Amino acid sequence: MQGNQFVYLLEIRFLLIFVVLITISGYPLGNKKKLSKPQQSNSEVSRGTRSPGWFYLVLILLPVVFLVLLEILLRIFNYGIDLPQWVQVDKTRQILNPEIAYKYFYTTKNIPQSNQNVFDVVKSPHSYRVFVFGESSAAGYPYIPNGSFSNYLQKRLELLYPQKKIEVVNVSISATNTFTMRDLMPGVIEQKPDLIIFYAGHNEYYGALGVGSMESIGSSRSIVNTVMWLNQFKTVELLRNSIKFILGLFSGDKAKPAGTLMSQMAKEQSITYQSDIFNSGLEQFEGNMRDMLEMTKEAGIPVLFGMLTSNLKDQEPFISVKSEGVPSAQEIFNSAKQELKKGNTLKAAELFRYAKDLDVLRFRAPEKINMIIKDLASEFNYNYVNIDSVFNKMSPDGIVGDNLMTDHLHPTLSGNRTIGRLYFEKIRDLKLLQSDQNKNIPDQLQDSLTIRNIPFSELDSVIGKFRIAFLRNDWPYVDKNSRKDPAHLFRLKTSVDSLAYQLVNGNISWEKAHKEMALRYLNRKQYSLFSREVFVMADQYPFVVEYHQFAADQLVGRKEYDLALPHLFAQDKQYPDAFTSKWIGNIKLSRNEVEEAIRYLNKSLNYNNSDAQVLYNLAGAYSMTRQYNKALEVVNRSLSINPNDPKARALKAQLSGGR
């Protein structure tokens, strides 16, 4: 029995024992008072020791009352970690709790987070809200967070349906599986989604709480889901922490396992094909998915599945074992390579899939998972996107390899965008979004415009490259004793390399890395790169007011007006103020877009009616449109604030002379 399973069983047993002890502590085990009269009859003794019925009811309720009071006290004193599903980032918007994974990971180091996509607390009538469920592939690894297919889907929908407020919320978490998704589903349904997308199944064995995971607590779905339900209580958290503390006293200062999540999560490293644990993983997937689909069906929410794809041609089996009646994975993989050399691509494809299924290290979903997805889609009358088929068609020899995969199953950036495009096309073709789309943009142009609208910088690209290098520098790609020192894994030639290395090594956050990169570009006067980096941050965290404010201020101060304008517009859309409106008006005026200039300059005056420069520019704009009376009135207001302004005085003279 693994350590985490042992701890969870201890929690359950201790909780039961605790309740029993509280109960029997008040239970009358006998009359402890000595009889003063030995000659008392049995009936008298019976009458003397019998307790009323309500007394036993009180004894039964006592432990329940105690636990309730303990729970209330723990909440009053804010014990432990609060794990609401959603947390607000400002007055109107929220994200998935960044610490929600603590519900599913107990012993694992470096708890993963979701993409933290923002959406409204109160759903807008004009909103189209999509939730994406999955694991690291759906989250966009190694290009998390802004390289995910959900990000492409968001931008494509915004382009085609500009009259709608598009909210694509990716709640996928690395190293999790359907247990996590099932736990999150009720909270997602409460947010009134218009569509739910699944791309999940690769992590079913080794994902948190899976049958082969280091975080496993057994193969019973009922037990696992009950434990997750109990995790919402502070009393259980107190009990868990107490057990962990006690066990820590006996385990010494043993270091926690290090390395990638992939290397940490595999407990049952060898799960042979069609073994009991292999079949348990399939039952776990089907059972949890069925539970979720019953929830979505009852709520009337459309669902789109994605058929899983992985690296078949260029990923050799991780662990190959020959068992009775079943060949080894490596043997079949080698046969597939031979068939490919002969040009027998169909036979080779079949053998590559079989080799993947025989690989006893189950980091790639077996073919049976896709069969379950297809059957469930049919049973519940939902649709699926055959991503696997499309990826194969896009690949040389019709077999997916390194052309679309960064490793064993995570798509490349191009692969992620392809998945996003496939989901978009299915949404469009099924008319799931009941709104008139912009039909004036051809499909190919839509795709290129969407990619252009995704804020993604060189730093993001290098981060993705380094993450894969780290992944391949750990088990199961290399033996744990053969790992290279991360400091010697890369040649860090540029500041981009340096920041990417710090991020993947856990020394800096994604946001801080981009902030630092933006400042370096600014100091080097590489203003377009600076602007791009700010847009990357602002797109991920639109609730952070300072991003566009800072960029606009810096670029305006350096007279980089063309670069400043998009930041000013972005700021004005969310948090309009006097400065933003003023400079949009000024720039519009310099471009002879006079009507727009007048509108924004007046808007600026609504926030600050004593800005002499705004009044002067507005007077100039009025004069350009021959509204001379208005111009004179406004320039007089400007001079009342700054009477020594030579430009304003000259403009007044011109206007007065022309009356």
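Every residue, every condition in (1) out of contact with any strand residue (DSSP E or B) (no Cβ under 8 Å at 6 or more places or on another chain); (2) in the same structural domain as residue 149 (by TED's automatic domain parsing); (3) farther than 23 Å from residue 178 by Cβ, yes or no:
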site: 374; (1), (2), (3): no, yes, no
site: 382; (1), (2), (3): no, yes, no
site: 393; (1), (2), (3): yes, yes, yes
site: 397; (1), (2), (3): yes, yes, yes
site: 404; (1), (2), (3): no, yes, yes
site: 410; (1), (2), (3): yes, yes, no
site: 414; (1), (2), (3): yes, yes, yes
site: 417; (1), (2), (3): yes, yes, yes
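Can you name the residue in segment 73-95 that is part of a helix (DSSP H, G or I) and at pLDDT below 85 and is also nearest to residue 184 (Cα to Cα) among such residues? Among those that are part of a helix (DSSP H, G or I) and at pLDDT below 85, it is 75.
Can residue 482 be described as at pLDDT below 90 and hydroxyl-bearing (Ser, Thr, Tyr)? Considered against the rule, which asks whether it is at pLDDT below 90 and hydroxyl-bearing (Ser, Thr, Tyr), residue 482 comes out as yes. Filter segment 96-126 for residues that are touching a residue at least 60 places away in the same chain (Cβ under 8 Å) and not in a loop (DSSP other than H, G, I, E, B) and give the result. Once the filter is applied, which keeps residues that are touching a residue at least 60 places away in the same chain (Cβ under 8 Å) and not in a loop (DSSP other than H, G, I, E, B), segment 96-126 yields 96, 100, 101, 103, 119. Quick check on segment 283-294. Is at least one of its residues part of a helix (DSSP H, G or I), free of Cβ contacts under 8 Å to residues at least 40 places away in the same chain and among the aromatic types (Phe, Trp, Tyr)? Among the residues of segment 283-294, not one is part of a helix (DSSP H, G or I), free of Cβ contacts under 8 Å to residues at least 40 places away in the same chain and among the aromatic types (Phe, Trp, Tyr), which makes the answer no.
Here residue 628 does not fit the description of being of a type in the set (Phe, Trp, Tyr), under 19 Å from residue 583 (Cβ atoms), assigned by TED's automatic domain parsing to the domain that holds residue 604 and touching a helix residue (DSSP H, G or I) at 6+ places or on another chain (Cβ under 7 Å). When we screen 471, 492 for residues that are among the aliphatic types (A, V, I, L, M), outside the structural domain of residue 147 (by TED's automatic domain parsing) and assigned to a helix (DSSP H, G or I), the only hit is 471. For segment 369-387, state whether one or more residues are more than 25 Å from the chain's Cα centre (by Cα), buried (at least 20 other Cβ atoms within 10 Å of the Cβ) and in a loop (DSSP other than H, G, I, E, B). The answer is no; no qualifying residue exists.
Checked against (1) free of Cβ contacts under 8 Å to residues at least 24 places away in the same chain; (2) part of a helix (DSSP H, G or I), residue 626 meets all criteria but (2). Checking 105, 77 one by one, the residue that is more than 30 Å from residue 575 (Cβ to Cβ), out of contact with any helix residue (DSSP H, G or I) (no Cβ under 8 Å at 6 or more places or on another chain) and surrounded by fewer than 13 Cβ atoms within 10 Å (Cβ to Cβ) is 77 and no other.
Contact map, segment 516-530: residues that are on the phi > 0 side of the Ramachandran plot paired with residues that are surrounded by fewer than 17 Cβ atoms within 10 Å (Cβ to Cβ), Cβ distance under 9 Å, separation 6+ or inter-chain. Pairs shown: 525/558. Here residue 506 fulfils each of the conditions (1) among the small types (Gly, Ala, Ser); (2) closer than 26 Å to residue 352 by Cα; (3) within 25 Å of the chain's Cα centre (by Cα) apart from (2). If you go through segment 405-451 and keep only what is in contact (Cβ under 8 Å) with a residue 60 or more places away in the chain, assigned to a loop (DSSP other than H, G, I, E, B) and within 24 Å of residue 311 (Cα to Cα), you end up with 406, 407, 408, 409, 410.
Taken as a whole, the condition of being part of a helix (DSSP H, G or I), out of contact with any Ser or Thr (no Cβ under 9 Å at 6 or more places or on another chain) and touching a residue at least 12 places away in the same chain (Cβ under 8 Å) applies to residue 335.
Scanning segment 342-372 for residues that are polar (S, T, N, Q) and assigned by TED's automatic domain parsing to the domain that holds residue 175 yields a single hit, 370.
The sole residue among 501, 477 that is outside any helix (DSSP H, G or I) and among the aromatic types (Phe, Trp, Tyr) is 477.
Hey, among 278, 305, which residue is within 29 Å of residue 398 (Cβ to Cβ), at pLDDT 85 or above and assigned to a helix (DSSP H, G or I)? Before the answer, list the steps.
Numbers: 305 fails: assigned to a helix (DSSP H, G or I).
Every option except 278 fails the conditions.
Take residue 247 and decide whether it is assigned to a helix (DSSP H, G or I), at pLDDT below 95 and loosely packed, with under 14 Cβ neighbours inside 10 Å. Can you show your working first?
Details: assigned to a helix (DSSP H, G or I): yes; at pLDDT below 95: yes; loosely packed, with under 14 Cβ neighbours inside 10 Å: yes.
Spelling it out, residue 247 is indeed assigned to a helix (DSSP H, G or I), at pLDDT below 95 and loosely packed, with under 14 Cβ neighbours inside 10 Å.
Filtering segment 599-610 for residues that are under 30 Å from residue 536 (Cβ atoms) and among the aromatic types (Phe, Trp, Tyr) leaves a non-empty set. If only one of 128, 141 is within 28 Å of residue 418 (Cβ to Cβ), surrounded by 16 or more Cβ atoms within 10 Å (Cβ to Cβ), hydroxyl-bearing (Ser, Thr, Tyr) and touching a Gly at 6+ places or on another chain (Cβ under 9 Å), which one is it? Of 128, 141, the one residue that is within 28 Å of residue 418 (Cβ to Cβ), surrounded by 16 or more Cβ atoms within 10 Å (Cβ to Cβ), hydroxyl-bearing (Ser, Thr, Tyr) and touching a Gly at 6+ places or on another chain (Cβ under 9 Å) is 141.
If the condition is being over 54 Å from the mean Cα position of the chain (by Cα) and in a helix (DSSP H, G or I), then segment 629-646 contributes 629, 632, 633, 636, 639, 640, 646. Considering each of 388, 359 in turn, give the residue that is closer than 23 Å to residue 203 by Cβ, touching an Asp or Glu at 6+ places or on another chain (Cβ under 9 Å) and modelled with pLDDT of 95 or more. Step by step, each of 388, 359 is checked, and only 359 is closer than 23 Å to residue 203 by Cβ, touching an Asp or Glu at 6+ places or on another chain (Cβ under 9 Å) and modelled with pLDDT of 95 or more.
Count of segment 84-101 residues, restricted to those that are closer than 14 Å to residue 174 by Cβ and either exposed (fewer than 15 other Cβ atoms within 10 Å of the Cβ) or charged (D, E, K, R) (or both), is 1. Of all the criteria given as (1) modelled with pLDDT of 95 or more; (2) surrounded by 14 or more Cβ atoms within 10 Å (Cβ to Cβ), the one not satisfied by residue 121 is (2). Among the residues of segment 310-329, are any in a helix (DSSP H, G or I) and at pLDDT 95 or above? Yes, because at least one residue in segment 310-329 is in a helix (DSSP H, G or I) and at pLDDT 95 or above. Residues in segment 191-229 that are closer than 15 Å to residue 100 by Cβ and within 18 Å of the chain's Cα centre (by Cα): 191, 207, 208. Residues in segment 588-603: is at least one surrounded by 20 or more Cβ atoms within 10 Å (Cβ to Cβ), assigned to a helix (DSSP H, G or I), among the polar types (S, T, N, Q) and under 53 Å from the mean Cα position of the chain (by Cα)? The answer is no, given that none of the residues of segment 588-603 is surrounded by 20 or more Cβ atoms within 10 Å (Cβ to Cβ), assigned to a helix (DSSP H, G or I), among the polar types (S, T, N, Q) and under 53 Å from the mean Cα position of the chain (by Cα).
The values are calculated or read from the model by the stated rules, or taken from the named source; none is laboratory data. Computed from a prediction, not measured in an experiment: that's the story for all the values here. In this analysis, Cβ positions are derived from the backbone assuming ideal geometry, glycine residues included, and neighbour counts consider all displayed protein chains.
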